[in-house]
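Novice: For reference, the structure I am asking about is given below.
The values are calculated or read from the model by the stated rules, or taken from the named source; none is laboratory data. Here the structure is a predicted model, which is why all the values come from computation and not from measurement. Don't worry about glycine lacking a Cβ; one is built from the backbone with ideal geometry, like all the others, and counts go over all protein chains shown.
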Amino acid sequence: MTDERLPEHFVVLSKVAPELMIDLKYTTHDNLIGRPLAGYSKEGVAVITEIAANSLRAMAQKLQQASIKNQLKMSAPTLIIWDTYRPDRACEDFWHWSQSECQKTKNEYYPNIDKRDFFKLGYIARKSSHSRGSTADLNIIDTATGKMLDMGTRFDFMDPLSHPDNLDVSKEVYANRQFLKKLLSDFGWLGIEQEWWHFTYTDEPYPQTYFNFDVKKY
């Protein structure tokens with residue numbers, strides 16, 4: 001299944017799991033830094049390790065259970081994916097941006113935090129799990145309505161309000177975050193303290209390898 005143009009064990013996510021909705025934010029200007037990240041082309045597709053892709057597909061299939069649809073109040077739930085594999089040089093791009101004077105996205109994405117502190121606070125890593133190929137940023141969306149599960153903040157909102165276990169959110173939002181975390185955990189994924197959307201597959205094939213190939217069309 002591995003695409004011969006990709007490193008071994010990597011696949012194009014949409015080919016393995018067409019049920020998913022994919023909206024790669026860092027190929028666009030609609031993101032934390034307000035422009036495409038280094039290493040992401042506008043035609044870039046989501047790539048991820050095959051074992052992680054198969055797990056995401058299994059999760060999407062579980063979301064089709066009637067009991068889950070009723071619980072979520074969604075008729076056609078699936079996962080929406082905002083980022084998967086991220087080149088190592090994109091992480092360096094994040095670092096240099098965080099140290100720059102540019103503040104054009106501050107009001108939308110980090111109104112209460114100095115962006116120079118993102119790395120020490122754990123929101124972004126200079127050596128990111130994304131570059132190992134088995135991490136995804138995601139939520140649940142109803143494809144029938146386009147409505148996402150309410151998580152209280154937008155994706156990449158750098159703030160304590162984005163911490164998945166923060167109790168300073170509504171009961172509904174807290175329950176939604178715990179549902180997502182439990183769903184991912186059941187399939188072998190682990191989140192982080194700072195971001196409700198970020199998860200890594202624990203049985204990742206490259207736990208010590210940080211790749212640097214581009215996110216492009218494969």
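Novice: Can you tell which of F94, F155 is out of contact with any helix residue (DSSP H, G or I) (no Cβ under 8 Å at 6 or more places or on another chain) and under 29 Å from I51 (Cβ atoms)?
Specialist: Exactly one residue qualifies, and that residue is F94.
Novice: Note down all Cβ pairs under 8 Å where the first residue falls in segment 167-181 and is under 17 Å from R154 (Cβ atoms), the second is surrounded by fewer than 18 Cβ atoms within 10 Å (Cβ to Cβ) and charged (D, E, K, R), and they're at least six residues apart or on different chains.
Specialist: E172/D150; V173/D150; N176/D150; R177/D165
Novice: Can R5 be described as basic (K, R), modelled with pLDDT of 95 or more and assigned to a loop (DSSP other than H, G, I, E, B)?
Specialist: For R5, the condition - basic (K, R), modelled with pLDDT of 95 or more and assigned to a loop (DSSP other than H, G, I, E, B) - is not met.
Novice: Regarding segment 168-182, can at least one residue be identified that is surrounded by 19 or more Cβ atoms within 10 Å (Cβ to Cβ), over 14 Å from the mean Cα position of the chain (by Cα) and farther than 19 Å from I81 by Cβ?
Specialist: Yes, that holds for at least one residue.
Novice: Right, next: Residue by residue through segment 19-56, note down the ones that are over 12 Å from L79 (Cβ atoms) and among the polar types (S, T, N, Q).
Specialist: Of everything in segment 19-56, those that are over 12 Å from L79 (Cβ atoms) and among the polar types (S, T, N, Q) turn out to be T27, T28, N31, S41, T49, N54.
Novice: Could you check, for segment 27-38, whether at least one of its residues is among the aliphatic types (A, V, I, L, M), closer than 26 Å to D203 by Cα and at pLDDT 95 or above?
Specialist: Looking for residues that are among the aliphatic types (A, V, I, L, M), closer than 26 Å to D203 by Cα and at pLDDT 95 or above, one finds none in segment 27-38, hence no.
Novice: Here is a list: T143, T78. Which entry is of a type outside the set (G, A, S) and in contact with an Asp or Glu (Cβ under 7 Å, 6 or more places away or on another chain)?
Specialist: T78
Novice: While we're here: Go over the candidates F179, F155 one by one and state the one that is assigned to a loop (DSSP other than H, G, I, E, B), at pLDDT 95 or above, of a type in the set (F, W, Y) and out of contact with any Gly (no Cβ under 7 Å at 6 or more places or on another chain).
Specialist: Values: F179 fails: assigned to a loop (DSSP other than H, G, I, E, B).
Every option except F155 fails the conditions.
Novice: So, of the residues in segment 8-21 that are of a type in the set (A, V, I, L, M) and assigned to a helix (DSSP H, G or I), which turns out to be surrounded by the fewest Cβ atoms within 10 Å (Cβ to Cβ)?
Specialist: In this case the residue turns out to be V16.
Novice: Return the total of residues in segment 1-21 being in contact (Cβ under 8 Å) with a residue 24 or more places away in the chain and more than 23 Å from Y206 (Cα to Cα).
Specialist: Within segment 1-21, residues that are in contact (Cβ under 8 Å) with a residue 24 or more places away in the chain and more than 23 Å from Y206 (Cα to Cα) number 3.
Novice: Pairs needed: first member in segment 22-36, touching a residue at least 40 places away in the same chain (Cβ under 8 Å) and outside any loop (DSSP other than H, G, I, E, B); second member anywhere, surrounded by fewer than 17 Cβ atoms within 10 Å (Cβ to Cβ) and acidic (D, E); C-beta distance under 8 Å; at least 6 residues apart or different chains.
Specialist: Hits for this filter: T27/E43.
Novice: What are the pairs, 6+ residues apart or on separate chains, where a residue within segment 127-144 that is farther than 14 Å from L56 by Cβ has its Cβ under 7 Å from a residue that is of a type outside the set (A, V, I, L, M) and assigned to a helix (DSSP H, G or I)?
Specialist: K127/C91; S128/C91; S131/D88; S131/C91
Novice: Within the bounds of segment 102-109, is there any residue that is touching a residue at least 40 places away in the same chain (Cβ under 8 Å) and of a type in the set (D, E)?
Specialist: The answer is yes; a qualifying residue exists.
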